[in-house]
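A.B. asks: Below you will find the structure I want to go over with you.
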Amino acid sequence: MYLNISEEAKAKLMPYVESQAVIILDLDDGVGKYSKMGVCSLDTSFRILLLDQSQDRSDFTATIRSELGTIYIKDYSPRYLDKEMTLDIDPRLQVLKLSSSSGILDGNVPIVDLRGK
């Protein structure tokens, strides 16, 4: 599994990469330490979580490769993802979007910085 990251999305994420943050592509389903609540809808919702190297990431035991290195995911997240995904910037809204050749999976992927919490 591979996550392509557009140049625009890389520019948005690079400050976190440079500061050694752990990057997580979180399926926001209400499961795990960093979820406050699940989304009760038919939408599939993802978030980019940023953790310090020392923070607990035991809910994220699987990984995907990307141009920015290893990205952690929940072990059951691949059932929602294609073998090759793309993280890009929506030019109109300037938010991250997650898509594949099948279409847009999530049109608004927020970045949630949990470092130091």
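A.B. asks: Would you confirm whether or not segment 22-41 contains a residue that is within 21 Å of Gly116 (Cα to Cα), under 11 Å from the mean Cα position of the chain (by Cα) and part of a loop (DSSP other than H, G, I, E, B)?
C.D. replies: yes
A.B. asks: Scanning for something surrounded by fewer than 13 Cβ atoms within 10 Å (Cβ to Cβ), without any contact (Cβ under 8 Å) to a residue 12 or more places away in the chain and assigned to a loop (DSSP other than H, G, I, E, B), does segment 92-106 turn up at least one residue?
C.D. replies: Within segment 92-106 (the criterion being surrounded by fewer than 13 Cβ atoms within 10 Å (Cβ to Cβ), without any contact (Cβ under 8 Å) to a residue 12 or more places away in the chain and assigned to a loop (DSSP other than H, G, I, E, B)), the answer is yes, since at least one residue qualifies.
A.B. asks: Right, another one. Can you name the residue in segment 5-20 that is part of a helix (DSSP H, G or I) and either of a type in the set (Gly, Ala, Ser) or touching a helix residue (DSSP H, G or I) at 6+ places or on another chain (Cβ under 8 Å) (or both) and, of all such residues, is farthest from Ile111 (Cα to Cα)?
C.D. replies: Result: Ala11.
A.B. asks: For segment 54-69, which residues satisfy the criterion of being part of a strand (DSSP E or B) and either of a type in the set (A, V, I, L, M) or modelled with pLDDT of 95 or more (or both)?
C.D. replies: The first filter runs over segment 54-69 and keeps only residues part of a strand (DSSP E or B), leaving 62-66, 69.
Correct list: Ala62, Thr63, Ile64, Arg65, Ser66.
The values are calculated or read from the model by the stated rules, or taken from the named source; none is laboratory data. If you're wondering where the values come from, they're calculated on a predicted model, not measured in any experiment. When we count neighbours, we look across all protein chains shown, and the Cβ atoms used for this are built from the backbone with ideal geometry, even at glycine.
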